[in-house]
1. Among the residues of segment 180-211, which ones are closer than 25 Å to residue 45 by Cβ, out of contact with any helix residue (DSSP H, G or I) (no Cβ under 9 Å at 6 or more places or on another chain) and without any contact (Cβ under 8 Å) to a residue 40 or more places away in the chain?
2. Taking interchain pairs and intrachain pairs at least six residues apart, which have beta carbon atoms under 7 angstrom, with the first residue in segment 83-96 and touching a residue at least 40 places away in the same chain (Cβ under 8 Å) and the second within 12 Å of the ligand (Cβ to nearest atom) and part of a loop (DSSP other than H, G, I, E, B)?
3. Tell me, which helices (runs of 4 or more DSSP H) wholly within segment 4-104 include 3 or more residues that are at pLDDT 95 or above and within 13 Å of the ligand (Cβ to nearest atom)?
4. Based on what the data block shows, is residue 174 more than 16 Å from the ligand (Cβ to nearest atom) and either surrounded by fewer than 17 Cβ atoms within 10 Å (Cβ to Cβ) or in contact (Cβ under 8 Å) with a residue 60 or more places away in the chain (or both)?
5. Taking only segment 142-165 into account, find how many residues are touching a residue at least 24 places away in the same chain (Cβ under 8 Å), away from the ligand (no atom under 14 Å from the Cβ) and in a helix (DSSP H, G or I).
6. Which of (1) farther than 21 Å from residue 64 by Cβ; (2) more than 12 Å from the ligand (Cβ to nearest atom); (3) not in a helix (DSSP H, G or I) is the odd one out, the single condition residue 114 does not satisfy?
Ligand SMILES: NC(=O)c1ccc[n+]([C@@H]2O[C@H](COP(=O)([O-])OP(=O)(O)OC[C@H]3O[C@@H](n4cnc5c(N)ncnc54)[C@H](OP(=O)(O)O)[C@@H]3O)[C@@H](O)[C@H]2O)c1
């Protein structure tokens, strides 16, 4: 019998270049590439955010992009912003700690209490999920059961994307294809992490839809592994 884990439905959404990169080079903000998205695609991104109960990006994306993660270009409620940072290492002046939408920082039990207190003082919730690092399956369970998150989107970066896929937590992928090639062996691509050792480990996708949104190609896939 398949055991069902209590977690939200999870969509990974990203803007990627024709060579699969997420930024111009390692350490660069993806906001530079996002400027080249068609307006219709910006609306799609913000409509998708408004359809979700929560949005998650990795802590490094917050450090580099200083994202707001709010709904701005369409009418709709901004989702709960969720940032995993095992040791609560989020800059206290980060835009996600501003008043525009609710925020939850996910930490582990080893996170320094003074950093947790400082984050709480900024008005954000702190979720402890894991002993030595943030355990994403546990975080998803907490978001579903304690925060009522039924639909969550993740917007990168590659490290978080890899961990979410590796933990079999992603149901769907939606890609906005930008008509550029940037190159660079160490330029962040859609999924980082460890390489695989054999074709058996490839994560299979089912292409379900592709369309033009303004001048951008958008592709949508289901992730085929069964939920653990
Ligand atoms: N084009 C796009 O759509 C797009 C979207 C987002 C980001 N980006 C780009 O991606 C780059 C950043 O990506 P990145 O790979 O360096 O970092 P990332 O995936 O944004 O963040 C990874 C960090 O998240 C924290 N984390 C805590 N628990 C985790 C867990 N269980 N699994 C994974 N991460 C966990 C860790 O930081 P702690 O050490 O604090 O725990 C980890 O270093 C930036 O250049 C950004 O511009 C592009």
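The values are calculated or read from the model by the stated rules, or taken from the named source; none is laboratory data. Keep in mind it's a predicted model, so treat the numbers as computed, not measured. In this analysis, Cβ positions are derived from the backbone assuming ideal geometry, glycine residues included, and neighbour counts consider all displayed protein chains.
1. 205, 206, 207, 208, 209, 210, 211
2. Every condition considered, the pairs that remain are 84/58; 84/134; 86/108; 86/111; 86/133; 86/134.
3. Those helices (runs of 4 or more DSSP H) span 39-51, 59-65.
4. Values: more than 16 Å from the ligand (Cβ to nearest atom): no; either surrounded by fewer than 17 Cβ atoms within 10 Å (Cβ to Cβ) or in contact (Cβ under 8 Å) with a residue 60 or more places away in the chain (or both): yes.
It is false that residue 174 is more than 16 Å from the ligand (Cβ to nearest atom) and either surrounded by fewer than 17 Cβ atoms within 10 Å (Cβ to Cβ) or in contact (Cβ under 8 Å) with a residue 60 or more places away in the chain (or both).
5. 3
6. (3)
Residue-wise test of (1) crowded, with 16+ Cβ neighbours inside 10 Å; (2) within 17 Å of the chain's Cα centre (by Cα).
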| site | (1), (2) |
| --- | --- |
| 106 | yes, yes |
| 112 | no, no |
| 115 | yes, no |
| 124 | yes, no |
| 132 | no, no |
| 135 | yes, yes |
| 140 | yes, yes |
